[in-house]
Amino acid sequence: MPTVIVAHFKTNIYEYLEALQKSTLDKLYEEPATCLAIFRLLPSLARQLVMSLLFSTQIMSKADLRQWIKNDKESLSKFEEALDKLQKLHIMIEQENKTIALNSSFKQKFQECLTGGGTHQSFGKLYNKPHRHSQSNSHKLPDIKTLDEHAKTKWEEILHFMVGTDRMNSPGASVLKVVTKANLMREKEGKGLEITNKGFQFLLQDVNTQVWAFLIQYLDLASEMLHMNVVEVLNFFFMLGSLELGQDYSVEGLTDTQRQLLDDLTNYGLIYRPKKSSKRYYPTRLATTLTSGNSAIVSNSSSNNPTDDDDSATEQGFIIVETNYKLYAYTSSQLQISVLNLFCNLQFQFSNMVTAELTRESVRKALKHGITASQIISYLTSHAHPQMKKRPALLPSTVVDQIQLWEMELNRLVITNSYLYKEFRTFADYEVVLKHANTLGVVVWSSDSKKMIGITEAGHERVKAFIKRKIVQRRSNGGDTTSSAGGTPAR
Amino acid sequence: MSVLKDTATVNEEDANLLVLIIDTNPIVWRKSNFSLKEALRHILVFINAHLALKHDNDVAIIASHVGVSKFLYPIPMTHENSDKTIFPNMYQKFRVIDEKVIANMSALFEDVDTPNNYPDKASSMMAGALSMALCYINRITKADEIGHVKSRILIISVSPDSPYQYISIMNCIFSAQKLCIPIDVCKVYGSDTPVFLQQASHITGGKYLKLEMPQGLLQFLMIAFLPDRYNKKYLCLPGEERVDFGAACFCHKKIIDVGYVCSVCLSIFCRPLDECSTCRTRLTLTSVRQNGRVI
Amino acid sequence: MTKIINSNEELIDIDDEAQNANQQIGYAWEEEYKRSWDVLQEDEDGGLKHTVEHLQSRKRKRLERDTSIIKRGIIRHMFLIIDLSEAMLEKDLRPSRLDLTLSYAEQFILEFFDQNPISQLGVIVSKSGVAEKLMGLTGNPMDNINVLKKKNIDTDGEPSLQNALEMARSSLIHVPAHGSREILIIMGSLTSCDPGDINETIDNLVSENIRVSIVGLAAEVQICKLMCKKTKGTYGVVLNEAHFKDLLFEIIPPPPVSIVKSKSELVVMGFPRGVNESMPSLCACHSKPVSGGYICARCNSKICDLPTDCPICELTLVSSPHLARSYHHLFPVANFEEVPWSSAFTTHCYSCQMPFQTQPQVVKGRSNNVTSIDSSGRYNCPKCKKHFCIECDTFIHEVIHNCPGCLSTSENST
């Protein structure tokens, strides 16, 4: 399954962490909740390696570690990848004497996390004033539905604003700042903001990726402009990921920075607070699934459908794609429909579903907005209706291939700077040069009938030298055949 | 066939269900210099480690006790546990499971009547535990429509084989093989080789490992038994290759090399009989054929 | 505890009733255009939930099995005869009779050896009036499958029932008396080109105790029916692709055997140890150097694969798992009984921990809705009295063949 993560777009928390200073990472590892969250971001084999070393007291070298790995190419490359990631995140440290050890603070805190020791309170402090049990209390414990509702409205408010469905008023200033900072929207001359290509790509991602992308931009903003401590902010994010949905937590024990964060996160729908000044907060589903890595728990889809009353129904996808490029989306959410409109021709709308069609024009429109074919495919994949998931191949291969072909149509010309060699005297001369150039692997194009060869920029010098050598050879052999080689740069 | 889904191929994204069967035979544990309590501490950390690997990893724990086998986790709640205090120093999921396992385990040990009434005190109810594990896995696999959950079974064993359970354990092993569920076996204590369990891991493609030093249980669990089915593709894990396919005779439950087999019901006997004790067929002993196979 | 079916006949006639029931469905070409949506009925909210649930519970209709402990011929010797006449090119079964037969035959062979691990199977094909033995009796499923996979399987002319039967018979009469002798024919043709009187062959088969079962792909043929009846085999004509498979796979469970006349023997068998050597040594069976293998329990010679007969001392060598695979045929689990609401006090399934529904409070005036909840969803093992859900019930009887309740409680483990 193609899980597309747009590399240049720092959506991935992992890449953000990798770019952090080693000392910052060390500080992060002082919280067990953070250790657990970061641990879960690692590739599978890396997690196993960490676990194998976690309770070991032996000193290992890289060669010792390799003993655990099967001696085939795939295994070894996975192993190298795992080691590389571990070292980049400063979880595993290679010392001068070639021994490998876990980062000592990571090791200690992660052990604590598994054994339940320590007094770090990094998994959230409960708000347990006795009054919440009494029925007479004015605040009733918000049930999970309220929390979901809150998360959904707040988050969709942001997305709606981006899409420009004008039924919402613009979200808070801090949201606007993040959106412009992330270049998801830009200032349109005169009137307000306009969505960018990045913004379109953003819309196609699953909610979890969106939230992280958003938080990371917020993090940048926070450290630059609000002078917040990155470690504290990150720790707070990771702690949120380990909290229980539907529980209330106390603001006590939070640092000033983190209390400040609460307000902003309430605006994004990650946190619910009954009152601004409340001494407790409730994480919503957006927050508790932050580190679980699975997608779209708060699906923006048709939760108002009366028949599916349980939560699981809303988690599932809603799109059915047929081999004839017809698309049926069981949703009544304006937002989902606008997103679909990015790359489909909408046809009919019913009370609980819309029908649409994927056409060359509609997909090209999306591609021109900078959305890639793989993004469309991954969006369709991740939002596929459960009925589709029962089939061996999720999406019809005709549709997948065609979307990719439409993308390739736009990339038919590849421009390579090169030198054109022409006017060889004889075919034999042409052949010798071509053969040599082929062995060097620098031929871009050649034509036997026209006796012309295109050589890459990199190979030009070597081919030129070869021809000169040949000419010198011929002359010294007394022959008068001179092949003229014209090096003319061409497209 | 009940399971048509592809449970054989594994992906990195799969959720893993670990069904842990703990042999809690108190008589055998008492003989060991490594107490069950100590072992449980290691096992709980191991369970936490398994859950830490992935957020959607899950676990089920079954105790194979003397005279009874019982689920320790999960147990459907009859009355909602009102004590919902959250301990801020531990990940909530870890704590819930740890507590339930400890509570149910001590409940199991308080009920001493069952073991006392049971004649065979040397072994535990492994066949029952395995059957329950398979039923549980069957239910989870059926509920998961897209074949996302990959299951395996790990047995922490101390007791010797009970010959009475031979057929039922073999039935479990073949079912596990059919469903592509590997059975890993970690023998913590005991000088004997559990032939049945060794076969279980051999036939289902699991690992069998006998600990020389039970004190190192956690480290062994972490290295040899934590890797999920995806990671096992890439790892060389410790394990013993040699498998003894010895069979137990039905009459004395002895492990034998050469036996007499009833041609009707395939019961194995260690000496020639006139009548099969299982199916009451009158039997004649074939003279040892001189031209074994006639062409 | 053992119940023996006494019968004066040597083999119990296992012609089943199920076939008659199937006849009502009719042949594939007789089928009318199905209006499957007509079955659906909306409830008052316009939902389909009830209809779907009803359909599902009907689908899961539990099969009541015969659980009496009967003797079965577990050591089987069978020849699979495949018709390769021109009639097999018909395309009334998709993709064609031949292709479907070959792919089902492969599945059949695998499943046959899975369920009957110490049995032997051979393959005979028949075309243009002659029979050809592709593979003699062997205990290795892959040998048989490889023979069928070779692409030289062409069709030609008419089959010869008699030649094929005689060829199978001549091989089967030599097998030891403790094993069963069976022939399974997959027949596409309605005619047979025989050199002599087939009735003589049938009489010979009867006297040799060879059971003949036939799966016909076209229509019922009198001589086939007669032959199956006389030899106590089964005869079925396929309705469609799925029915073909059902008929074929009905042959797989070991047939019941009465012991009045068939000889029962005590067979000496060895359970060899597996070895893994660092240096390869020669094996006794192929004289090839191999590093892994098994050591014969009696003469210590080395063999590559199980099950087999030791080439030196001729001891039958099996691994205990091979024998154990058949045990569930011998000790079936008792059928579970449905638990009425009156005694449905359990909260969850004993084996998979799935919570049960509690008895719905019957609301006065809305009694028309009770149909969907008329069963408590609990099934009770008659021995240990534990309650199981329907999923576990089917799983226990179809796959595990163990009752988790009986095995987990001390009272019943004797």
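Any idea what the relative contact order of segment A:311-410 is, in percent, if you count C-alpha pairs under 8 Å spaced at least 6 apart?
Details: 129 pairs, mean separation 31.4, N = 100.
Dividing the mean separation by the residue count of segment A:311-410 yields 31 percent.
Take every residue in peptide B:51-58, count the Cβ atoms of other chains within 10 Å of its Cβ, and give the average of those counts. Please report the intermediate quantities before stating the final value.
Working: counts 2, 11, 8, 6, 10, 3, 0, 0.
Across B:51-58, the average partner-chain Cβ count within 10 Å equals 5.
Look at the alpha carbon pairs under 8 Å that are at least 6 residues apart: their mean separation over the length of segment C:269-327 gives a relative contact order of 32 percent. Taking every residue in B:223-231 and counting other chain Cβ atoms within 10 Å of its Cβ, the average works out to 4. Averaged over peptide A:452-462, the number of partner chain Cβ atoms lying within 10 Å of each residue's Cβ comes to 0. Taking label points 7 Å from Cα along the Cα-to-Cβ direction, A:ASN341 and B:LYS178 give a separation of 5.5 nm. Would you mind computing, in nm to one decimal, how far apart the modelled labels at A:GLU357 and A:MET225 are, each placed 7 Å from Cα along Cα→Cβ? For A:GLU357 paired with A:MET225, the spin-label model returns 4.6 nm.
For the listed peptides A:35-41, B:63-69, C:229-235, a ranking on the average number of other beta carbons within 10 Å per residue, highest first, reads B:63-69, A:35-41, C:229-235. The order of the peptides C:128-140, B:259-271, C:376-388 by mean Cβ neighbours within 10 Å, most packed first, is B:259-271, C:376-388, C:128-140.
Taking label positions 7 Å along the Cα-Cβ direction at both B:LYS31 and A:PHE427, the computed distance is 9.1 nm, reported to one decimal.
Which length gain, in nm to one decimal place, applies between C:TRP341 and C:VAL290 when the Cα-Cα distance is subtracted from 0.36 nm times their residue separation?
Numbers: separation 51, 0.36 × 51 = 18.36 nm, distance 6.29 nm.
Full extension from C:TRP341 to C:VAL290 adds 12.1 nm.
Net charge of the neighbourhood of A:GLU423, taken over other residues with C-beta under 14 Å away and scored Lys/Arg +1, Asp/Glu -1, is +3. Suppose we look only past 25 Å in the calculated P(r) of segment B:15-232. What percent of the Cα-Cα pairs does that tail hold? Result: 36 percent of Cα pairs exceed 25 Å.
Every number here is computed from the coordinates shown, using simple stated rules; none is lab data. Note that the structure is a prediction, hence the values are computed from the model and not measured. When we count neighbours, we look across all protein chains shown, and the Cβ atoms used for this are built from the backbone with ideal geometry, even at glycine.
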